[in-house]
Amino acid sequence: MEEKILVVDDEREIADLVALYLQNENFDPVVFYSGTEALEFLRRQPVDLAILDVMLPGVSGFELCRAIREQYSYPVIMLTAKGEELDKINGLALGADDYVTKPFLPLELMARVKAQLRRYTRYSGKEAAKEQVLTFSGLTVDVKTRECTLNGKPLSLTPTEFSILRILCENQGRVVSSEELFHQVWGDEYYSKNNNTITVHIRHLREKLGDSFEHPHYIKTIWGVGYGMEP
């Protein structure tokens, strides 16, 4: 069954080009040129991944991402203008899993789509070989069901946040370098885009865990090295 990919961009040439490349990779693209129409569609039907332009008429890409995260956990990739670092940070904070800066190479976008879908499928339980439950100081991470609870209360995590937390829980007692964490989450495709992505996701995770940056109980920063969870 072909994965359904939502593409939302008011620049029709870009949206249609992305759709064409997705079709060539055997995906099923659904294209909208306005955020309002895309939002109406999202309320009726889920997809497997969404590609959202930040700047959209009516409903913005940020609003679409927020609406998706209220109901779904599938991957979201944001398209941002060149040099708009704040857009990237805002998108990641709202639950986006990745961003691509315009202008971009369609083949690079396809690689990121595939990487996100592989990771989401692998840790959604569809390809889990066996049930595995990780625990840490009141935190429970079920690798198979992708459910996470803190002191018995469910945590709503994006696919990327879940992957980062799972990796850190699996490596309790040791420091995971930023580069290692990046490659385990995103694969080998594009570490060169810098560590800011990891930093933003870690900050968002800490907020959801009620953790303190100055005196963290769960995720500790080891300056110049990476992150760790100490038993």
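The values are calculated or read from the model by the stated rules, or taken from the named source; none is laboratory data. On a predicted model such as this, the values are computed, not experimentally measured, just so you know. Don't worry about glycine lacking a Cβ; one is built from the backbone with ideal geometry, like all the others, and counts go over all protein chains shown.
Couple of notes before you dig in:
- Residue tally, condition surrounded by fewer than 18 Cβ atoms within 10 Å (Cβ to Cβ) and either under 22 Å from the mean Cα position of the chain (by Cα) or hydrophobic (A, V, I, L, M, F, W, C) (or both), over the range 2-13: 2
- Residues of the range 14-33 that are part of a helix (DSSP H, G or I) and buried (at least 21 other Cβ atoms within 10 Å of the Cβ): Val18, Leu22.
- Note on the range 20-38: residues that are touching a residue at least 24 places away in the same chain (Cβ under 8 Å) and either under 20 Å from Ala115 (Cβ atoms) or within 19 Å of the chain's Cα centre (by Cα) (or both) total 7.
- Filtered residues of the range 34-62 (kept if assigned to a loop (DSSP other than H, G, I, E, B) and either outside the structural domain of Gly95 (by TED's automatic domain parsing) or touching a Ser or Thr at 6+ places or on another chain (Cβ under 8 Å) (or both)): Val54, Leu56, Pro57, Gly58, Val59
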